[in-house]
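Report on one structure; see the data block that follows.
The values are calculated or read from the model by the stated rules, or taken from the named source; none is laboratory data. Just so you know, these numbers come straight off a predicted model, no measurement behind them. Glycine gets a Cβ as well: all are built from the backbone with ideal geometry, and neighbour counts include every protein chain shown.
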Amino acid sequence: MNRIKNYYFKIKFKTLRVFRFFMERNVYYIYHLPYLVFYLIISIALYLNSTQYIPDYLNLRNKETISGLLLTIIGANASAIGLFISVFIISFSLINNSIRYFTIEYLTKNKSIIKLGYIFVISTLTSFFSYIFVINNYDFSLNFVYFSIILFILFIVSLIPLSLSILNNSISVDNIYKIINEINGNDVDQILNPLNSDSLESQTISFGRNNIFIVREFVVNAINSNDWMLPQFIIHATIDKIYNIFQPKINPFWNSGSKQAKLIEIFLQRILNIAIERKAYSTISACIRSIVFQLRKLYSEEILIDKYEDLFGYLKNIFNSIIKNEIQPNYSDVLQYYRTTVEDFINHKNIPPENEIHIFSFLYKSEFTKKTELNRNWEVFNESVLGIFPSIVKASIDIKDGELFKRSLWMISYIFQKIEESEVLSENQKDYLLANISTETIRLIKFSLESKLIKSISQYDFYSSIHIYNFIDKNKPYGKRLLYNYGNTFVEWSKNRWIEPFSLDNFFLIARMCISKVDQNKLSLESILYILKISESLRKYFAKEKMENHYLELYNGIKGIEYFAKENNIKTKKIYSKLNQLLNKFSQINRIKSKQTKNSISWN
């Protein structure tokens, strides 16, 4: 009984939906009201006017001949409509496999169906009324009969081409593209402001007509049919259309990045859920690429990105979702695309100057203009644009994906380098960004070590000793900051036994490269003294914990600094004094050397 009731209410709801759809929206459209009025005027004029405008070529003076001809036309129409119904059913089936819930709404937008149905109706009605007039001996001219014949011929001639057009439009990409182009502010408003509807039923009907939902269903069913090309086309075209709708030049009422992000999320979320479930890699990639492509436009058009912060947030959620669901599309391709986008951001003039950024206000005092929009632009760039990569690293650690961890960490290292090379960013901006990136990356590497994704830092050295040396050599303020960060991290990780003995040489490499300019470059001198200070801290710990391999490598590293100082004839006596003090504190070096010299680097 409950099943019967469910079927009853389902049929009732669908019937009412279709009926209301036709009555509320499509009376003018379905019946082509201007053409209907024109048809009625001609019909009435032909009926009332006794003047014979059309010659009687068929010699229709006999009542039986006329009635027989009209019955033949009516019968032929009835037979021909069978073909129309067959075409309609085939078209319905094709579309129902693609968009299901929106099939009726989609079919009513097929102009070929409307035209063919319209011609059939007026042809049949005209023939029927002509027959009624004839058999009831009404006095009317033969013009009306010939008008029936002309409409019948028009119906027969139109039947085949319009039927083919119906079938073609049922599966045509061009027709889908037309629907995408028809997306407008009304579609957007229905989705973003659903409470404006009078009732749940009217809201459901409105959604049924919504072009955004219709094209989304095309994508969903294409995914279920293992179609990899159609979803990409629809996703890119639809996101591009949504982006254009929200541009102030086109529609000043929708100039809201948060609303745009919400609409894109509503459009893509069902698609992504199905794509993740079906492991449709190409569709997932298309979703990411379409968003990134629109974000690239923001900078090319010099639009303030703070309005699109939510879009960056949604992109981050997509990355996290596909990683946590262990979906493995071509990560290198997608990450490369986003990396290139970030690189464009770094080198674009849309980055605000430091005198417009709050964190640098202490440098400018009265000259600081406090433009909130530009400052927010900087915050979004620092937190949202650059924040996606650390988010990916964190997600890769959560699922223990070492390959993705390595790849995304390399991406951060690459961006790190591009920030330093940027001709748009000031030295203070670089210092701030690099400090944030290095701090966050060290935190993530530490987390990966604690999670046992990697065993030691030697597997994934984020810092490049050469990069840090170059910063110091150029007297960059962030060179000293990064060295201090590097040194403190070395101490902490060594105490956790996360540093392999031979990795210590990377730390001393900085000192060996700086030693040649220690007499001319104050920052080089400070850097070497800092490295020796860190070495003393490590010496005490290694000796206490009897970490002989590390202890020996530490000794050899300090001897290497001494060797290069002498080779370069360094005149700064403070260096030699610190080196001698530190080396004299090492003990039992010969005993340790005799036990293991295989992997040690000696500068004696």
Residues to consider are LYS559, LYS546, LYS571; find the one that is at pLDDT 90 or above and over 17 Å from ASP473 (Cα atoms). LYS559
Assess whether GLU403 counts as being surrounded by 14 or more Cβ atoms within 10 Å (Cβ to Cβ), part of a helix (DSSP H, G or I), at pLDDT 75 or above and charged (D, E, K, R). no
Can you give me the number of residues within region 294-332 that are touching a Ser or Thr at 6+ places or on another chain (Cβ under 7 Å), modelled with pLDDT of 70 or more and of a type outside the set (A, V, I, L, M, F, W, C)? 6
Specify the residue that is modelled with the highest pLDDT; the eligible residues are those in region 342-361 that are touching a Lys or Arg at 6+ places or on another chain (Cβ under 9 Å) and surrounded by fewer than 18 Cβ atoms within 10 Å (Cβ to Cβ). GLU343
